[in-house]
Amino acid sequence: RPDLQVTNIVVLNNHEDKDMGDGKGKGDDKGKDDDNDKNSVKGEGDEHNSSTATVTATISNTGSGNAGPSTTTFQDGTTTIGSAATPAIPVGGSVVVSIQWSQKHLKKGSHTITVTADAANAVVERNETNNVLQATVKIDN
């Protein structure tokens, strides 16, 4: 069976060159295994001067079967900020999906970005509990 995991989150300002602060990625504690040690997050850019950022996630298939198409969702806290159609992923493969995150009316401070692979459970997986990765990013509006 396939096993989809979010293995990386990157938040990039749509302008350039200033450090937004670091985020720290962590896998969902449910069903966590040693493979999640490779999960990471990176934040770059100056959020003070931008109204949107690109949030990119790498979705990997670490299972023993091919994964069909699915949907990846992106949340800021409990608010859904977007979703991305995720194409089929072969065994051992990965794809990168992204959304545009409007930051125009966000409160200053830390925001927890949660990315969920196969959010609607369209793919029958070996492990359905390891599809989530979180990153904390700082907004300095």
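Every number in this text was worked out from the coordinates using simple rules, so none of it is lab data. Not measured: the values here are computed from a predicted model.
Enumerate the calculated ³J(HN,Hα) couplings along the range 75-81 in order (Karplus 6.51 cos²θ - 1.76 cosθ + 1.60, θ = phi - 60°), each rounded to whole Hz, writing x wherever the residue is Gly or Pro.
Each residue of the range 75-81 in turn: 10, 10, x, 9, 8, 6, 9 Hz.
Please compute the Cα-Cα pair-distance distribution of the range 50-141 with 5 Å bins starting at 0, giving whole percents from short to long.
Percent of Cα pairs in each bin: 3, 13, 24, 23, 14, 11, 7, 4, 1.
Can you list residues from other chains, or at least 5 along the same chain, whose modelled amide H is less than 5 Å from the amide H of N131?
Distant-sequence amide H within range of N131: zero hits.
Read phi for every residue in the range 53-58 and hand back ³J(HN,Hα) as whole Hz from Karplus 6.51 cos²θ - 1.76 cosθ + 1.60, θ = phi - 60°, with x for Gly and Pro.
9, 9, 9, 10, 10, 9
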